[in-house]
1. Hey, rough spin-label estimate for residue 360 and residue 159, points 7 angstrom out along Cα→Cβ, what's it come to in nanometres?
2. Using a basic spin-label model with each label point 7 Å from the Cα along Cα→Cβ, how many nm lie between residue 352 and residue 259?
3. Based on the mean of other beta carbon atoms within 10 Å per residue, what is the order of 64-73, 255-264, most packed first?
4. Sequence gap at least 6, Cα distance under 8 Å: using those rules, report the relative contact order of the range 65-207 to the nearest whole percent.
5. Give the distance, in whole Å, between the Cα centre of the range 118-178 and the Cα centre of the range 83-111.
6. According to a simple spin-label model (label point 7 Å from Cα along Cα-to-Cβ), what is the distance in nm between residue 293 and residue 244?
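Values quoted throughout were computed directly from the atomic coordinates according to the rules given, and no laboratory measurement underlies them. Everything numeric in this text was worked out from a predicted model, so none of it was measured. When we count neighbours, we look across all protein chains shown, and the Cβ atoms used for this are built from the backbone with ideal geometry, even at glycine.
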């Protein structure tokens, strides 16, 4: 078993239902022994939606982690759908659940989600050969996780190794965004009384996450902490790591401090992402992969899908250097290697130059035009 073995067990439950042209999937609990849950029913539901033309899925993950092998089976099930698979995190996304998140096309969390990464864990027994085999397996799994996290965050594999080398690394959702593990935050809802408010979780969820070893500073906010009449002050002291003598006012003040810190982390994450986008686009413009005219459209694309847009920009090829103006249209057309350009290269790279050629060097223009369209252009004086 490769799992977050110290975590309090919560039975895995997965559901899948159609929502228009999208499959909505919920994954809740410890990712283990899925066949004992409802694996066949979920696969059947997704296969049925696929047959009806559903391509995309949105996945809600609230999980303490669990078996990496079960996580792989769940991902394979999700990939039965051929379209875009996005997701969002609930109160906790930890261990194998984080790997599942980074393997989706886009994954977001709440600002106060408790997010934890660590090296895959293993338990083994048996003969010498059994232990050698188990060691090779955990080495391969660790290598796979390290590569996946490095690719998602933009860090090197050595940086990932250093990051998790001392054990569990807990983050708030905003910190997970800043580190690059997730693509952004789920937008808060306006109605604070909504039972499904994205940034508040019940006391049971917070206590369960605390039992997983999450430090108090990384715990999500409990809904009870906002309602003083219903707050269990003793439980809140324990969850926040405060002394037994702390007053209710002191507990509320601490909750407010955590809320403010979460908001600051969220704002910092947004600012950092904006700075990253600017740096990427500045570099692309400097390398002549893009022009300033493209900036606004690419900023919008980054907002919708950061990783995919980053990869798109990095794959762009710099445009050929524009030739300096020289006397004579024919000499201008042949400068800087342009004598080998096709009609399409002129049209996409230097349309004004192509238009000038049409007037000043019509023979060359006709040659390129005929090579493109199979006939001569009708030129007028």
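1. With each label placed 7 Å out from Cα toward Cβ, I get 4.8 nm.
2. With each label placed 7 Å out from Cα toward Cβ, I get 5.7 nm.
3. 64-73, 255-264
4. 27
5. Answer, in whole Å: 17.
6. 7.4
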